[in-house]
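Here's the structure, in structure tokens; my notes come after.
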Amino acid sequence: MPESKTSLIAATDLRKTYGKKSNVYEALRGINLSIKPGESMAIVGKSGSGKSTLMHLLAGLDHPSSGKIIWNGQALTDMNEGQLTSLRNTRVGFIFQQFFLQPTLTVMENTYLPLKIAGVSPGKRKQLASEALQAVDLLDKADNRATDLSGGQRQRVAIARALINKPDVIFADEPTGNLDSETGQQVINLLFELQKKHNITLVIVTHDEDLAKRCDQTINIRDGKVVK
């Protein structure tokens, strides 16, 4: 897929290999894609297909072996580690299947953790965390420990944490994988509602076909390649 001037993220002939010489594993084999600002994309495939690897590369969490990833006209491969860290801290939100909440921290503290790491003042990060928790209807749980919450509530905290830096893109890796069907549906409804409200670009790794159908476009990965 050719790189478009209107793309927020574009990948060209993206490849990722692990190992050396006779023990090389090709995780991604020539991926091309383009996603526009405010668009939603599902990356679908079986376990081991390369879908999470692709997400990690698009988010700047890992480096491709070859190929290009362009973010708003700038190649990630041209960025140093400091620039990549800044991009992840200021322009990206992450939601994972395992929630990754700190059990000893309150809901409020878990939500503003990215801002604390980024050096934002206590007053400002508490204000922004309150706004994010309000958006996911959990402000009344702000002083609770993460361990006091249900699975659905924990994932809503994870969404609030992903929203707190007002990102351009949210990457969600199997966001409903640890939730029952009804709770998972509620979480996804909330995620799409917030995506539309804030015009966030949403990239979701999933094996859930119903979830994929709600996205603007779907990339099907098999053995490291895009298939129709």
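Data overview
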| read-out | value |
| --- | --- |
| Residue-span extension gain [Leu139 to Ser86] - 0.36 nm each, minus C-alpha spacing | 16.3 nm |
| Residue pairs, from the table Lys124/Lys166; Lys36/Lys68; Lys51/Lys116, whose Cα atoms sit over 22 Å apart | Lys51/Lys116 |
| Global geometry of the chain, whether rounded, prolate or oblate, following the gyration tensor of its Cα atoms and the 1.5 cut on a/c | prolate |
| Net dipole in debye of the chain [+1 Lys, Arg Cβ; -1 Asp, Glu Cβ; about Cα centre; nearest 20] | 580 debye |
| Rounded to whole Hz, the Karplus (6.51, -1.76, 1.60) HN-Hα couplings of segment 82-97, x for glycine and proline | x, 5, 5, 4, 4, 4, 5, 6, 10, 10, 10, x, 10, 10, 10, 4 |
| Estimated FRET transfer efficiency when R0 is 25 angstrom, pair Leu105-Lys166 (beta carbons, to 0.05) | 0.70 |
| Antiparallel %, DSSP beta bridges [both residues in the chain], to 5 | 50 percent |
| Value at 222 nm in deg cm²/dmol, rounded to 500, when DSSP H runs of n ≥ 4 in the chain each add -39,500 (n - 2.57) | -10000 deg cm²/dmol |
| Under the Karplus curve 6.51 cos²θ - 1.76 cosθ + 1.60, θ = phi - 60°, whole-Hz ³J(HN,Hα) for segment 28-36, x wherever Gly or Pro sits | 10, 10, x, 8, 10, 7, 8, 9, 8 |
| Amide hydrogen neighbours beyond the local backbone of Ile204, cut-off 5 Å, H modeled | Met41, Ala42, Ile43, Ala172 |
| Cα-projected label distance for Lys116 with Lys36, points at 7 Å along beta-carbon direction, nm | 4.0 nm |
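Only the coordinates and a few stated rules stand behind these numbers; no lab work does. All values derive from a computational prediction rather than experimental measurement. In this analysis, Cβ positions are derived from the backbone assuming ideal geometry, glycine residues included, and neighbour counts consider all displayed protein chains.
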